[in-house]
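Participant: Here it is: the structure, laid out below.
The values are calculated or read from the model by the stated rules, or taken from the named source; none is laboratory data. Worth saying up front: this structure is predicted, and the values here are computed from it rather than measured. Backbone-built Cβ (ideal geometry, glycine too); neighbour counts: all protein chains shown. Remember, those area values only see protein heavy atoms, side chains included, never the ligands or the DNA or RNA. Shrake-Rupley method; radii C 1.70, N 1.55, O 1.52, S 1.80 Å.
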Amino acid sequence: MNTFANISGRIPAGVYKLLLVVATVIWGLSFVVMKDAVDVLEPAYLIGFRFLATGLILAAVFWRRMPRAFEKDYLIKGMILGVLCFLAFWVQTIGLDNTTPGKNAFLTATYCVIVPFAWWAIARKRPTAFNLIAAVLAVAGIGLVSLTGALEELSMGYGDFMTLVSALLFAIHIVYVSKFSETNDVLVLTVMQFVVGGVLGIAYGACFETLPPVSALTPGFFWNMAYLVIFASCVALVIQNVALAHVPPAQASLFLSLESVFGVLFSVLLYNEQITSRLLLGFALIFGAIVISETFPLKRKVPQEEESEQPAARAARAADALE
């Protein structure tokens, strides 16, 4: 752990931000891949098998670190992250099964606006006026993207609503990853998160879902699962959790919001999703809300002496900029 901390401490913050962008490209494509995979395997089973496979692979890679996973502190925090991660991805997958990949991607991105409020609830850091303005813009954008029909009979699709619930869960998960990584090995917590999430998914699937027939398990399905396990989980989620230990949560979520842009891009290119002027305006309002919520408060508050602090401490102090 000390070796990892020494190496990571010498890496410029810009590198972690660039890695977050790489993760968003991977996740952007995963919206289309998940849409195909969930047509074969029901949501809880899909998340369960994906996470358990990821956890076992990462446990083998980081096996020297894993003995501390049995310490009480790690067990509690690993369980919390595992439950949050499973619920977020499971609910998001349910939403994806009932809406388009592009809408699912953009509505998921609203977690970036929710993060300051989640931090307020968990760490007692009050959001700024910028956060409130951003929330109003986000609500307007969500309405344009999700609500259909005439004004007197507006309705929100089930898939859109579930995606918004997943955005709330993702925001809470991001806050807890940032908080726990200040005092714990984030790689160990990441492995535990996947193992716990995988067990929960398979357990729920065994009780309430049905496994597909063998004939449905085509080579294309296994390629999709391989992408979700290796790239969207092993690579992208490890990048996210490690970066959250070195980039302030609010600033990191701004970079992570690019996931929605790539999600729509891949949905248009590969899923033939149609982009209307109403959707574009809604997307623009949501993305504008993200930029306002995550950029202006940080510019106003970050102290100069922060540059000399260790990465984890710097992330904790930058979070205070939301107050």
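Participant: How do the pairs read when you match residues in region 30-45 that are of a type in the set (Phe, Trp, Tyr) with residues anywhere that are part of a loop (DSSP other than H, G, I, E, B) and surrounded by fewer than 20 Cβ atoms within 10 Å (Cβ to Cβ), using Cβ under 8 Å and keeping only pairs 6 or more apart or on different chains?
Facilitator: Tyr45/Glu209; Tyr45/Leu211
Participant: Considering only region 188-199, state which residues are open to solvent by less than 10 Å² (accessible area, probe 1.4 Å) and under 14 Å from Ser233 (Cβ atoms).
Facilitator: Within region 188-199, Thr190, Val191, Gln193, Phe194, Gly197, Gly198 meet the criteria.
Participant: Kindly evaluate Leu87 against the criterion of being at pLDDT 90 or above, open to solvent by 40 Å² or more (accessible area, probe 1.4 Å) and closer than 30 Å to Asn131 by Cα.
Facilitator: Yes: the conditions hold for Leu87.
This table checks each residue for (1) outside any helix (DSSP H, G or I); (2) more than 28 Å from Val186 (Cα to Cα); (3) not acidic (Asp, Glu).
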{"site": "Tyr74", "(1), (2), (3)": "no, no, yes"}
{"site": "Ile80", "(1), (2), (3)": "no, no, yes"}
{"site": "Thr93", "(1), (2), (3)": "no, no, yes"}
{"site": "Thr99", "(1), (2), (3)": "yes, yes, yes"}
{"site": "Ala118", "(1), (2), (3)": "no, no, yes"}
{"site": "Ala134", "(1), (2), (3)": "no, yes, yes"}
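Participant: Identify the residue in region 101-111 that is touching an Asp or Glu at 6+ places or on another chain (Cβ under 8 Å) and in a helix (DSSP H, G or I) and, among all such residues, is most open to solvent (accessible area, probe 1.4 Å).
Facilitator: To start, the set of residues in region 101-111 that are touching an Asp or Glu at 6+ places or on another chain (Cβ under 8 Å) comprises 101-103, 105, 107-109.
Checking the rest, the ones that are also in a helix (DSSP H, G or I) come to 101-103, 105, 107-108.
Working: Pro101: 0, Gly102: 0, Lys103: 32, Ala105: 1, Leu107: 0, Thr108: 2 Å².
Residue satisfying both the conditions and the ranking: Lys103.
Participant: Ok, one more. List every residue pair whose Cβ atoms lie under 7 Å apart, where the two residues are 6 or more positions apart in sequence or sit on different chains, the first residue falls within region 54-72 and is more than 20 Å from Leu200 (Cβ to Cβ), and the second residue, located anywhere, is open to solvent by 90 Å² or more (accessible area, probe 1.4 Å) and aliphatic (A, V, I, L, M).
Facilitator: What qualifies is Arg65/Met1.
Participant: Being at pLDDT 85 or above, open to solvent by 30 Å² or more (accessible area, probe 1.4 Å) and under 17 Å from the mean Cα position of the chain (by Cα) narrows it down to one residue among Ile202, Ile172; which is it?
Facilitator: The conditions single out Ile172.
Participant: Just one of Pro43, Pro116, Pro67 is over 20 Å from Ile174 (Cβ atoms) and open to solvent by less than 20 Å² (accessible area, probe 1.4 Å); which is it?
Facilitator: Of Pro43, Pro116, Pro67, the one residue that is over 20 Å from Ile174 (Cβ atoms) and open to solvent by less than 20 Å² (accessible area, probe 1.4 Å) is Pro43.
Participant: Quick one: is Phe49 free of Cβ contacts under 8 Å to residues at least 60 places away in the same chain, surrounded by fewer than 22 Cβ atoms within 10 Å (Cβ to Cβ) and over 15 Å from the mean Cα position of the chain (by Cα)? Talk me through it step by step, then tell me what you get.
Facilitator: On the way: free of Cβ contacts under 8 Å to residues at least 60 places away in the same chain: no; surrounded by fewer than 22 Cβ atoms within 10 Å (Cβ to Cβ): yes; over 15 Å from the mean Cα position of the chain (by Cα): yes.
The answer is no for Phe49.
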